[in-house]
Structures are given as C-alpha cells and as structure tokens.
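Structure first, commentary second.
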Amino acid sequence: MTIQLYELAGKDDRRFSPYCWRARMALEHKGLDYETVPVRFTDKDLIAFSGQERVPVVRDGDNVVSDSWDIAEYLERQYPDKASLFGGGVGHGLARFLNVWTDRVMHLALIKLVIADILAHVDEADRDYFIESRTARLGEPPEEIQTRSEDDVRAMVHAVSTVKAALGSNNFLAGNAPAYGDYILFGAFAWSRSISDFQLLKTDDPVYAWRERMLDLFNGMPRNAVGYDV
Ligand SMILES: N[C@@H](CCC(=O)N[C@@H](CS)C(=O)NCC(=O)O)C(=O)O
C-alpha cells in the first residue's frame, strides 16, 4: 500500500517545511512508494487522525507517525532491508546530534534571514495564522525579525562554515553516499530555496557543491520542486 506523507504546502504547491523535507528525502532514500498530501497550516482537521497538529505525518497502512525524527526511526525499523538511513547505532546517535544542532542553530540563523519571505508564499488562508503564531512564538512579527543585520548574516556564515569543516573532502556529511544526517541539514536549504531568493551560499563554497549534489538526488526531485534557483 502506498505510504502517505502529509506535507506543508503554500501557494503554487510550494513545499517549504524543513521537517517535511527530511521525511520526503528519507522515503526516497528507502525507495518506498509514497504520495504526498498537501496540508496548509490551518488544515488541522486533515491531520487530526495523528493526534497532534504538526506536519510531517506519515500514514503507512495502520501505522501513523508524526515528527520527522520519529518518522526516520520508524522507516528504519519498519524497512530494515531497504537502504539504511543511519548506518547502524553509531550513525543513529550522530544523526541525533545533527538533528538537534540543525533545529537549534541552523534554523534559528535561517529564520532571521528568510522568515518574512514566507509571507508571500503561504496560502492566503494561512497568512494571519502564520503571522500571529510566529509572532507569539518568536516574540516579534516576521517582518521585524527579518532585518538581515550584519550579526544575523554572520551567524549564518558561521553555521555554514561549521558544515564546511564537517564535510571536509567528503561528498556528503555521511561520507561517500548521503544518509539521514544529510537530509536533516538539506531540509533547511530546501526550505529557504522554496520561499526566498536570498543567496545563502557562495557558489565557490564546498557547501554549495554539497547542496548541488543533494538537489540532484532521486532523479532531481528536490531541484524540480517549486522554488528559487539560488
Ligand atoms: N519536531 C517536529 C517539528 C514539526 C513542525 O514544527 N512542523 C511545522 C511545519 S515546519 C508545523 O507543522 N507547524 C504547524 C503550526 O505551526 O501550526 C518535526 O521534526 O517534525
């Protein structure tokens, strides 16, 4: 039976959730048949069956899993004969670190550079909800957060330089081939690219080359998603 991935969608079918990108890449990596179900922020009734209010949600027959990390663990457990997402216990632990680092450091840096750009791309029905919920969560309205101050740009440069150091001469964070750690980080870049033309990476940066390799995976599925060519 085809797996369903409930995924955040904006105007023009833009898929701009970093967490949903993690789940989408994990499904691709496993080579599983899946279809995506677009969900707007305010479509809470569509995912009510999952018992919570956030996407991604995966429905696999009778199994319902939410939270991108739990989804990755579920897929690894449920489909052990398909390509491994973590490469064993050690890789699982290290990916967990990257999950937390990306959520807390990379996403925070990114929010300050592109959060207001989301406004032009959310469905009209979501606009007020997005502004109100993010203002309550972050303490300021999106337009006041996205000033792209020198400090904010420097925080991103620092985060990118950390990735560059970790990448070293490898093609992927996981080594010669991509694994879940790459998908975690890629989610941040896929999010940015889907709603903003802000140039996060210089074209001569090895992290840019890594992102290019990620965009080409799975027959170019990520590159073909609606977004800016930056
Ligand atoms: N820790 C969760 C975070 C999921 C999450 O925050 N998803 C956002 C979309 S990026 C969401 O559904 N937000 C709903 C809302 O703000 O109402 C994960 O890794 O999946």
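Annotation note: Cβ proximity below 7 Å between a residue of region 83-97 that is without any contact (Cβ under 8 Å) to a residue 40 or more places away in the chain and a residue that is part of a loop (DSSP other than H, G, I, E, B) (sequence gap 6+ or interchain) occurs for 92/86. Scan region 17-31 and tell me whether some residue there is farther than 17 Å from residue 184 by Cβ and in the same structural domain as residue 131 (by TED's automatic domain parsing). Looking for residues that are farther than 17 Å from residue 184 by Cβ and in the same structural domain as residue 131 (by TED's automatic domain parsing), one finds none in region 17-31, hence no. The set of residues in region 163-179 that are out of contact with any Asp or Glu (no Cβ under 8 Å at 6 or more places or on another chain) and in contact (Cβ under 8 Å) with a residue 24 or more places away in the chain comprises 163, 167, 171, 178, 179.
Here is the figure for region 59-70: residues that are in contact (Cβ under 8 Å) with a residue 24 or more places away in the chain and farther than 22 Å from residue 178 by Cα total 3.
Any residue in region 69-90 that is surrounded by 18 or more Cβ atoms within 10 Å (Cβ to Cβ), more than 23 Å from residue 142 (Cβ to Cβ) and touching a Pro at 6+ places or on another chain (Cβ under 9 Å)? Within region 69-90, one or more residues are surrounded by 18 or more Cβ atoms within 10 Å (Cβ to Cβ), more than 23 Å from residue 142 (Cβ to Cβ) and touching a Pro at 6+ places or on another chain (Cβ under 9 Å).
For (1) surrounded by 12 or more Cβ atoms within 10 Å (Cβ to Cβ); (2) of a type outside the set (A, V, I, L, M); (3) over 16 Å from the mean Cα position of the chain (by Cα); (4) outside the structural domain of residue 16 (by TED's automatic domain parsing), each residue gets a yes or a no:
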site: 126; (1), (2), (3), (4): yes, yes, yes, yes
site: 132; (1), (2), (3), (4): no, yes, yes, yes
site: 137; (1), (2), (3), (4): no, yes, yes, yes
site: 148; (1), (2), (3), (4): yes, yes, yes, yes
site: 152; (1), (2), (3), (4): yes, yes, yes, yes
site: 155; (1), (2), (3), (4): yes, no, yes, yes
site: 180; (1), (2), (3), (4): yes, yes, no, yes
site: 189; (1), (2), (3), (4): yes, yes, no, yes
site: 228; (1), (2), (3), (4): yes, yes, no, yes
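Among the residues of region 71-80, at least one is under 30 Å from residue 119 (Cα atoms) and without any contact (Cβ under 8 Å) to a residue 60 or more places away in the chain.
When residue 193 is tested against (1) surrounded by 13 or more Cβ atoms within 10 Å (Cβ to Cβ); (2) charged (D, E, K, R); (3) more than 20 Å from residue 56 (Cα to Cα), exactly one condition is not met: (3).
Residues are listed down the side, and each one gets a yes or a no for (1) part of a helix (DSSP H, G or I); (2) more than 12 Å from the ligand (Cβ to nearest atom); (3) farther than 18 Å from residue 22 by Cβ:
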residue: 81; (1), (2), (3): no, yes, yes
residue: 86; (1), (2), (3): no, yes, no
residue: 100; (1), (2), (3): yes, no, no
residue: 108; (1), (2), (3): yes, yes, no
residue: 113; (1), (2), (3): yes, yes, yes
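The values are calculated or read from the model by the stated rules, or taken from the named source; none is laboratory data. Predicted model only: the values in this text are computed from it and were never measured. Note: ideal-geometry Cβ built from the backbone for every residue, glycine included; neighbour counts use all protein chains shown.
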